[in-house]
Amino acid sequence: MAKRRRKKAAGRRPSLSRLSASDLLHELSRRGSEIQQMRQERQQLVDRIAEIDETLGMLGERTHAPRSPGRRPGRPAGRRASGRSPAARTRAANSMTLEQAMYKTLKGKTMGVQELAQAVKSGGYKTNAENFRTMVNQTLLRSEHFKKVARGQYTTA
């Protein structure tokens with residue numbers, strides 16, 4: 001069976017492994033200047049987009065900044081679902097952990113998750129959580145200080 005010869009595509013560069021050292025240096029220089037030209041062109045386009053956005057802003061049109069490459073669409077970086085930035089969010093300060101507060105509240109009693117969550121909050125435990133009941137439930141399941149008495153009913157171990 002005869003070997004097939006590949007046809008060279010029009011405008012295709014020769015393999016770099018076949019080039020001499022001086023030809024390689026020339027190619028690197030050419031590609032470097034090509035990259036520099038592309039960067040300058042990109043910056044000119046970014047500047048032009050900024051001008052257009054500014055003009056649209058003056059006309060009352062809301063614009064969106066172009067995405068940077070590799071960034072997925074969604075919530076802006078540094079923002080949480082609550083809409084507050086991480087720096088603006090203040091964490092509640094408590095003298096004891098959630099587990100300790102639950103143990104103190106539940107000692108000698110049997111309660112359900114919702115009832116325990118309300119009792120811990122009314123006992124002075126501060127939280128900013130939107131899903132505090134879930135946090136209480138997870139702590140009950142994870143900690144060895146609590147045991148399940150019946151379905152949905154817990155007490156101290």
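The values are calculated or read from the model by the stated rules, or taken from the named source; none is laboratory data. This is a predicted model, so every value here is computed, not measured. Positions of Cβ are generated from backbone atoms using ideal geometry, with glycine treated the same way; all protein chains shown enter the neighbour counts.
Out of Y125, Y103, report the one residue that is modelled with pLDDT of 90 or more, in a loop (DSSP other than H, G, I, E, B) and assigned by TED's automatic domain parsing to the domain that holds L141.
The match here is Y125.
Does T110 count as in contact with a strand residue (DSSP E or B) (Cβ under 6 Å, 6 or more places away or on another chain) and in contact (Cβ under 8 Å) with a residue 40 or more places away in the chain?
In short, yes.
Of everything in the stretch 52-61, what is surrounded by fewer than 10 Cβ atoms within 10 Å (Cβ to Cβ) and part of a helix (DSSP H, G or I)? Give them in sequence order.
Of everything in the stretch 52-61, just one residue is surrounded by fewer than 10 Cβ atoms within 10 Å (Cβ to Cβ) and part of a helix (DSSP H, G or I), namely M58.
Could you run through the stretch 129-145 and say how many residues are under 16 Å from G112 (Cβ atoms) and hydroxyl-bearing (S, T, Y)?
Kept after step one, since they are under 16 Å from G112 (Cβ atoms), are these residues of the stretch 129-145: 132-141.
From what is left, the residues that are hydroxyl-bearing (S, T, Y) are 134, 139.
Total satisfying the criteria: 2.
What are the residues in the stretch 141-157 that are closer than 21 Å to S95 by Cβ and outside any loop (DSSP other than H, G, I, E, B), if any?
Passing the criteria: F146, T156.
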